[in-house]
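S.K.: The structure that follows is given in the form of structure tokens.
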């Protein structure tokens, strides 16, 4: 950040009085510019034993597969954002949605929140941010073509949970499973 969004003057980085972190501060209007993590919301959508995935039409990771997800917008709840992303990316309506997974990823200043639900009316199609959208059986999932490590973790955990029919809400950082399964650490 170089300039204040309030007055347009240059900003400096320092620790404000009573704070413990570097912040961008405008010496002209005294505005402290807080920068906080971005929230990514999405839905793991199923129909029977199949999982809905979208091939990305945009960067980052264009041409790779993911679940419908994106940044939460101001003025919406996490669930509203996840449902909006499902509509935007996969033209899909979701029913029976429940909170399923939270990933805290401080190294990239992001929090991921995923819901689980089923495809309503069986209808889906590629939205403007997707090249194609498909339902995959477990043995068809393109593991080496998944866009993001959290998607790999999410799918692996879901497939394990599906065996028992128990879907606990997990809250933690991404685990090492994706690297072992996909060779992601070699990219």
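S.K.: Starting from 0.36 nm per residue, how many nanometres of slack lie between residue 15 and residue 143 once their C-alpha separation is accounted for?
M.R.: 41.7 nm
S.K.: If you count the DSSP beta bridges with both ends in the chain, what percent of them are antiparallel, to the nearest 5?
M.R.: Working: 29 of 42 bridges.
Once the DSSP bridges in the chain are tallied, antiparallel ones form about 70 percent.
S.K.: While we're on this one: Roughly how far apart, in whole Å, are the Cα centres of the stretch 143-171 and the stretch 4-29?
M.R.: Distance between centres, Cα-based: 41 Å.
S.K.: In which sequence would 120, 163, 9 go, from the one with the fewest C-beta neighbours within 10 Å to the one with the most?
M.R.: Starting with the residue having the fewest Cβ neighbours, the order is 163, 9, 120.
S.K.: Once you've got the GNM for the chain with C-alpha springs shorter than 10 Å, pick whichever of 152, 164, 46 has the biggest mean-square fluctuation.
M.R.: 164
S.K.: Right, here's the next one. I'm spelling it out carefully: the read-out is Cα extents along the principal axes in Å, the candidates are (i) 59, 33, 30; (ii) 49, 40, 34; (iii) 59, 39, 32, and one was derived from this structure. Which label?
M.R.: Matching the structure shown: (i).
S.K.: Where does helix 149-164 land angle-wise versus the long Cα axis of the chain, in degrees 0 to 90, nearest 10?
M.R.: 40
S.K.: Angle check, please: helix 78-90 long axis (alpha carbons) against the longest principal axis of the chain (alpha carbons), in degrees 0 to 90, nearest 10.
M.R.: The angle comes out at about 60 degrees.
Quick note: the coordinates plus some simple rules give every number you see, no bench work behind them. For clarity, every value in this text was computed on a predicted model and none was experimentally measured. Using ideal geometry, Cβ is built from the backbone for each residue, glycine included, and neighbour counts are taken over all protein chains shown.
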